[in-house]
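Okay, structure first, notes after.
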Amino acid sequence: MTDIKELLLSRIRDVADYPEPGVLFKDITPLLADPAAFTALTDALAELTVRHGATKIVGLEARGFILGAPAAVRAGVGFIPVRKAGKLPGATLGQAYDLEYGSAEIEVHAEDLSVGDRVMVIDDVLATGGTAEASLQLIRRAGAQVAGVAVLMELSFLPGRQRLETALAGAPLEALITV
Ligand SMILES: O=P(O)(O)OC[C@H]1O[C@H](OP(=O)(O)OP(=O)(O)O)[C@H](O)[C@@H]1O
Ligand SMILES: Nc1ncnc2[nH]cnc12
């Protein structure tokens, strides 16, 4: 494993049975509290954004905001928040989806994405893939192109990668760590 992967992995805490029995929760707060690890993560996500030719980053509420916003600044592209339903004040596009533990709906300001945009989706964890899949559907419905999905961590014991295959339509899924 490379030094950066080892550094990132060493700063992720496993919490068993959170938020409900049977879920192994991957807690990124130790990583965020370590400036060397958080900087390395930001640089890696920004590099992927630039390498795949993205012109905007979509961050998925809430942890995707923490990772996506500094990566957007570092990459020199705009940051677009995709929020849980009911939080954005303007005209929105919405998409319902299922989670590892429950279901939800996400929204984006319709005016934030348009034809000609190339979007990198950033989040902390790819689990079932439901959140990322819904975000890709939103991006395409807005007429924008998908540059890819970049996550800190892919949970390989869940079928997120397979679930995303159709929505990605050939765009890359980049995971800095796979567990
Ligand atoms: O691949 P999936 O099964 O969709 O799961 C991954 C999503 O679940 C978590 O977010 P959560 O909805 O718990 O929200 P939070 O970031 O606000 O805690 C995580 O941050 C991802 O966004
Ligand atoms: N196991 C998990 N750990 C952290 N975030 C998650 N989001 C969905 N599943 C998760």
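Against the conditions (1) assigned to a helix (DSSP H, G or I); (2) within 16 Å of the chain's Cα centre (by Cα); (3) within 16 Å of ligand 2 (Cβ to nearest atom), Ile106 satisfies every one except (1). The combined condition, being within 28 Å of Thr29 (Cβ to Cβ) and either among the charged types (D, E, K, R) or touching a Lys or Arg at 6+ places or on another chain (Cβ under 8 Å) (or both), is not fulfilled by Glu165.
Does region 46-62 include one or more residues that are exposed (fewer than 14 other Cβ atoms within 10 Å of the Cβ), out of contact with any Phe, Trp or Tyr (no Cβ under 8 Å at 6 or more places or on another chain), closer than 18 Å to Ala104 by Cβ and at pLDDT 95 or above? Within region 46-62 (the criterion being exposed (fewer than 14 other Cβ atoms within 10 Å of the Cβ), out of contact with any Phe, Trp or Tyr (no Cβ under 8 Å at 6 or more places or on another chain), closer than 18 Å to Ala104 by Cβ and at pLDDT 95 or above), the answer is yes, since at least one residue qualifies. Listed by first and then second residue, the pairs with beta-carbon distance under 7 Å, at least 6 apart or on different chains, first residue in region 117-136 and more than 16 Å from Phe79 (Cα to Cα) and open to solvent by 10 Å² or more (accessible area, probe 1.4 Å), second within 8 Å of ligand 1 (Cβ to nearest atom) and of a type in the set (Ser, Thr, Tyr), are Thr131/Tyr97; Glu133/Tyr97. On the stretch given as region 75-95, residues that are open to solvent by less than 50 Å² (accessible area, probe 1.4 Å) and closer than 16 Å to Gly130 by Cβ total 4. Against the test of being under 30 Å from Arg13 (Cβ atoms) and either of a type in the set (Gly, Ala, Ser) or in contact with a Pro (Cβ under 9 Å, 6 or more places away or on another chain) (or both), the options Ala110, Ala171, Ala150 yield a single qualifying residue, Ala150.
The values are calculated or read from the model by the stated rules, or taken from the named source; none is laboratory data. Fair warning: this is a prediction, and the values are worked out from it, not measured in the lab. Note that each Cβ is placed from the backbone with ideal geometry, even for glycine, and that neighbours are counted across all protein chains shown. The accessibility values were calculated without ligands, DNA or RNA, using every heavy atom of the protein model including side chains. Shrake-Rupley method; radii C 1.70, N 1.55, O 1.52, S 1.80 Å.
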